[in-house]
Every structure is written in C-alpha cells, then in structure tokens.
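In what follows, a single structure is set out as structure tokens and then discussed.
The values are calculated or read from the model by the stated rules, or taken from the named source; none is laboratory data. Owing to the predicted nature of the structure, the values given are computational and were not obtained by experimental measurement. All Cβ positions, even for glycine, are placed from backbone atoms using ideal geometry, and neighbour counts span all protein chains on display. Each accessible area value is taken on the protein alone, full model and side chains, heavy atoms only, with ligands, DNA and RNA left out. Shrake-Rupley method; radii C 1.70, N 1.55, O 1.52, S 1.80 Å.
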Amino acid sequence: MASSQKDKPLIQTPSVGETRKASALQEEPEAVEENGHSAKRFKPDNEEQSKKPPKRKVVLLLAYSGKGYYGMQRNVGSSQFKTIEDELVQALVLTGCIPENHAEEMKKMSFQRCARTDKGVSAAGQVVSLKIWLIDNTVEMINQNLPPHIRILGLKRVTGRFNSKNTCDARTYSYTLPTFAFSHKDHETQEESFRLSQETLDKVNELLALYKGTHNFHNFTSQKGPRDPSAKRYIMEMHCEPPFQQGGLELAVIKVKGQSFMMHQIRKMIGLVIAVVKGYAPVSIIERSWGEEKVDIPKAPGLGLVLEKVHFEKYNRRFGNDGLHESLDWVEEDDKIESFKKEHIYPTIIQTEIQEKSMSTWMATLPIHDYEASSSQQNTDIHKVEGVSHVASDEDEGSD
C-alpha cells in the first residue's frame, strides 16, 4: 500500500478552520469550561431555553361572576375598564404559562375566546384556546393567581389549529330572573309574594318556542340592518324551567341554545316575551319583528345572563376518540360547574336584584315603549331613557 497508519506524521498541520477555532478559544478564555471542553457561544441561553416546559395548544374551561367587570374581552390600553381577560392574562403571566412580553399581544399565543360576554354577565362554561407552557399542576397554579370569583375548572390538549370561536358549533345561555317579571301589568302584587302559575309558565314557554328555527333578528341588535344576511340566526332550543325559591325570591331560569348570538340579542328576545306576557304588546309582535320593519323591542337587564356551555359536537366526533385528544364535553367537570354557580353566580344575581332592583327598575320602562313604532328615532329615544351604555360586546361573537 502507498501509505499506512504508522506512516502518518505524529504532528499534523492544522487546517484553516481549526486555526480559527484555536484563535477564538485564546481570545475568549471564558468560553472554556472547567472540564476543558469548549462551550458554545450561546450555550447558557440554550440551556435556559431547554429548561422551559413545552408550549402546547390547550383549552381552558373558565367560570366567572361578571359583576364589577366590563365584560370578557380585554380593552388593551383602557385600564379603567377592567375585564375578565385582564385577570386571566395576568394570572397566566404570574404562573409562568406565557411570557410577559406577550401579555399585551395575545395573538402571539394564538389566544381566542369562544364567546364574548357583556358588562356584568357571568359564565359557568366559557372556553378559551391558546398556546401555553405546561407546568406542574397548571390549573391549580393559575387559580392561585386568580380571584375566587374567577376559576379555571378544566384544561385539555387540543389540535394545533384549534380555534375556540370558529370550532364552536353552538352556545347555551341561561337567564335567571325573578318570576314577578311575568306578573300582568293590570294585577297589582307584591314582588316578593308573587308566585308563577302553571298557566303563565305554559304561556311563557309557548312564546319562547316561537323563536326556534332560523329567523331574521336584525331588530334584536343595533349592529345589523334588515337585509344583512348575518342577521339570520338559528335557535335550537328555548324554554323556561319550573320556578324555585331562594333568598326570599321566587326565581325561574330561561335557557336558550343557538349557533351564535348577536349583541343584545338574547336580552331582547327575553325582554319582548316579558312585554307580551305582562300585556304591553300583542303576541303578533314577535313574528312582525322578523320582517324588515323596525320594531321597538325592550332589552332585559344583563344581570341574570350566564354563558352556561359551549358545544363542540363536530370536533368531538372527529378528534374526541382518536386516542390523542379528549372530548370537549366537560362531563367530568359538571360538579365543579354547579358548585361554582351556587357559590358565586346565583348569590350575586339574587343579592344584586334585592339591593339594586334591576328587574323592577327596568320593568318601569316598559310602558314608555311604543310597540307599534317603526321609527328608528323612537328606538333611539327609548335607549336614552333606559340609560344603558356598554363598552364590551354582549353575548358571544357569532359573525361579529
């Protein structure tokens, strides 16, 4: 053979690259570790980065009492209007689930809420999706940095492209109200002593059932014109449950399930039914409200409105049993949801109604509505009398 291993010189001439490497080591002695091996220039940063937990796409099941907050959605730069998301983002930063420099720009964490809720509106089953750094006992640690009236009740991994708003098939809301709201205007009765008869409950449910199906709800929001295609919304279910007594009041819960809702839609749907039951408006006004004509519709107070649940049927059918992801039905959290409602949501609704009499005050405005009106100016005047102003949007986002 022309050459062998022992023919090679004992000392080899270093290559250009090796010369540069040796020179660099001489110029930067701090790059040499105690064991004599050269350290990479940015190794400390790489080590610090490697210690961070993995960033994963998750959904958080969120429950909160909305009293004292200007809705769910953040108003970045408006610190005087505190929202639920302000509290949540702060807790995520303090827990170390998201970087502090992303707190003002949550799009970087792919943050999306399933539904917006208006000023004072509560939620028992809100869902948000985002990317976070998973840590030990994530839910428990986040809750330690949240006030007791806001709680994360569950966390689940989801697909990388999951979007809680766009993936949601339907939303269920409840509206808790004192039953004296259904007392007829011509029958004087003490609010605390009023009891809802089965006959009146049946009438309420007959009226609520009229909403089921697809209708043009442009009269139930200020955001849509009569010919706007997005004003058409599909209502799957709407009914009033049997009354119950709590805190010295008889209460009833109205539940409505729909694909999506526009700003103020649910409160106006309920407000119009109350006006009919009390004898201020004819039954025919409900169907007339779906036409192009402008109809004056009263808007019930926001106090009793609660986002009960968001539905992901299509997602669950596709990914719920794939062995990698969990079904987003939250059945295992039902007890936690009910406990939170009993501890934080229902007492707030009842105490606020007793102290502030929001339903009684609102009912006093019903006679000033012109239920035959078709003038937008008359509607504007009514809104001024009601004195209601909002910063955040109501109900959920839908197509808005």
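Brief remarks follow.
- Glu100 vs. criteria over 23 Å from Asp334 (Cα atoms) and touching a Gly at 6+ places or on another chain (Cβ under 9 Å): no
- Spans of strands (runs of 3 or more DSSP E) in region 142-230 with at least 3 residues crowded, with 17+ Cβ neighbours inside 10 Å: 150-157, 170-178
- Some residue of region 275-288 being farther than 27 Å from Glu188 by Cβ and crowded, with 18+ Cβ neighbours inside 10 Å: no
- Listed here are the helices (runs of 4 or more DSSP H) enclosed by region 1-116 that have at least 1 residues being open to solvent by 50 Å² or more (accessible area, probe 1.4 Å) and modelled with pLDDT under 50: 16-27, 43-50.
- Test: residue in region 290-310 that is assigned to a helix (DSSP H, G or I) and open to solvent by 20 Å² or more (accessible area, probe 1.4 Å): no
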